[in-house]
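Worksheet: one structure, shown below.
Every number here is computed from the coordinates shown, using simple stated rules; none is lab data. Keep in mind it's a predicted model, so treat the numbers as computed, not measured. Note: ideal-geometry Cβ built from the backbone for every residue, glycine included; neighbour counts use all protein chains shown.
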Amino acid sequence: MRLRQFVLIVCLVGGFWFITSHFSSDLNPLKLISARSGDSPLELSEAHAAPEFDAEEQNNISVYRRVLPSVVNITSRAVTFNFFYGNVPQEGQGSGFVLDKAGHVLTNFHVIEGANRGIEVKLSNKRSYKATVVGMDKIHDLALLKVDAPELQPVTLADSSQLAVGEKVYAIGNPFGLSGTMTQGIISSIRSIRGSEGAPIEDAIQTDAAINPGNSGGPLLNSRGEVIGINTMILSPSADQNAGIGFAIPINTAKAVLSDLTRYGEVRRPSLGIQSYAIGPDLASEMGLAADSGVLIQKVIPGGAADRAGLRGGNEQAWVGNQPVMLGGDLIVAIDGQQVTDPQDISVIMDKHQAGDTVSVTVMRGRRQLTVKVVLGAARAVNT
């Protein structure tokens with residue numbers, strides 16, 4: 001009996017050895033599965049070298065690495081009063097960029113508007129600093145802040161007067177709180193638009209680079225990493241979502257007001273002190289005006305620059321569609337020899353001057369052409 005058990009064990013062990021030594025590869029579970037499924041064994045191909053970037057990718061990376069240390073995240077804190085809940089804390093997010101090693105930071109006015117509980121600036125190294133407001137310009141939607149921080153890296157400012165549609169641009173900022181985000185696009189158009197306060201933004205840079213809430217105040221850059229504009233607003237069919245139409249304030253506009261912000265803490269924006277209406281050829285013909293186009297003075301602001309110089313506003317009301325227009329006033333056709341066809345032309349000229357400067361205003365008064373010297377006053381509203 002024991003001999004029979006011994007022989008059985010020997011047969012089992014010998015059979016197992018024979019099968020595993022001669023048929024193990026055929027009995028591999030993975031191969032059996034592959035044979036049944038008809039698939040080849042899983043084989044992975046992995047890179048054996050660092051990636052090689054093309055010229056465009058290399059430039060993208062270079063711009064990002066060079067400019068990111070100059071871009072900041074801005075948090076504005078405020079407390080408002082709610083009838084039911086009392087004091088309600090609020091917090092806003094935006095972007096900005098470092099102008100110099102002294103700590104001046106440029107952003108949008110609407111980013112820090114109403115911040116009655118402080119403003120915090122966070123650098124790309126994650127360090128945060130309290131910011132003070134040097135000056136604000138609500139009309140141009142600009143604000144100048146200052147932080148006391150070491151080893152700041154300023155941006156390089158470009159000349160935005162030579163921009164071309166189709167030029168590549170980058171936006172770096174803090175969209176939806178996602179710090180250090182870069183998007184890419186082109187200049188879609190350069191056009192005059194109305195800002196959130198109704199004031200004109202001349203030569204605004206339209207771009208299809210993704211600009212979202214939180215990008216406001218951040219830099220719009222050219223392919224060399226130079227700042228050409230300050231991202232400020234979007235047009236969108238739904239609330240606060242990018243639809244490929246964003247706008248930036250040209251950096252030359254910012255340059256025109258920065259000296260006043262640092263010197264006076266405010267922008268002493270020059271003004272003619274008038275309310276105006278753009279006149280085109282059709283309207284000029286209907287009204288019997290002596291020029292094909294210009295800016296018709298509706299009203300001179302009492303005590304303003306135009307009033308002091310003897311320019312005249314309208315004295316007879318008419319209607320253009322549903323809009324009332326005052327007739328009989330002077331028609332401005334040029335300032336300092338530059339043709340004027342609409343209020344935006346006047347705004348462009350005003351940005352090149354300061355309050356107290358004297359300009360030559362050419363008007364048509366009836367059939368007579370007059371040139372009047374006007375000492376510019378300081379703007380008190382969005383009127384030109």
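The label-point distance for L235 and N322, in a model that sets each label 7 Å from Cα toward Cβ, rounds to 2.1 nm. Rounded, prolate or oblate: which fits segment 142-189, taking a ≥ b ≥ c as square roots of the Cα gyration tensor eigenvalues, rounded meaning a/c under 1.5, else prolate when a/b beats b/c? Because a/c hits 1.5 or more and a/b fails to exceed b/c, segment 142-189 counts as oblate. Under 1.5 on a/c is rounded, so check that first for segment 160-264, then, if it is not, pick prolate when a/b is larger than b/c and oblate when it is not; a ≥ b ≥ c are the square roots of the alpha carbon gyration tensor eigenvalues. Rounded shape, in that the Cα axes give a/c under 1.5.
As a calculated quantity, the FRET efficiency between D100 and L178 at R0 = 22 Å, using C-beta atoms, amounts to about 0.25.
Sorting 221-229, 257-265, 105-113 by their mean Cβ neighbour count within 10 Å, with the most densely packed peptide first, gives 105-113, 221-229, 257-265. Cα gyration tensor of segment 316-384, axes a ≥ b ≥ c as square roots of the eigenvalues: rounded (a/c below 1.5), prolate (a/b > b/c) or oblate? It comes out oblate by the Cα gyration axes. Among the listed pairs K255/K373; K138/K373; K138/K299; K101/K373; K146/K373; K130/K255, which are separated by more than 31 Å between their Cα atoms? The pairs that break the limit, which is 31 Å between Cα atoms, are K101/K373; K146/K373. Label sites at A378 and D282, each approximated as a point 7 angstrom past Cα along Cα to Cβ, lie 4.2 nm apart.
Summarising the label geometry, the points placed 7 Å from Cα in the beta-carbon direction at V79 and I193 lie 3.6 nm from one another. The alpha-carbon of K168 sits under 18 angstrom from the alpha-carbons of these aspartates and glutamates, leaving out residues fewer than 8 places away in its chain: D54, E56, E57, D159, D203, D208, E226. Sorted on the mean count of surrounding Cβ atoms within 10 Å across their residues, most packed first, peptides 206-212, 63-69 read 206-212, 63-69. Peptides 325-333, 131-139 ordered by packing proxy, namely the average of other Cβ atoms within 10 Å per residue, highest first: 325-333, 131-139. For a straight C-alpha distance cut-off of 17 angstrom, the aspartates and glutamates reachable from K122 (same-chain residues fewer than eight places away being disregarded) are E91, D100, D148, E151.
In plain terms, the chain from A164 to K122 could stretch by 11.8 nm, reckoned as 0.36 nm per residue minus the Cα-Cα distance.
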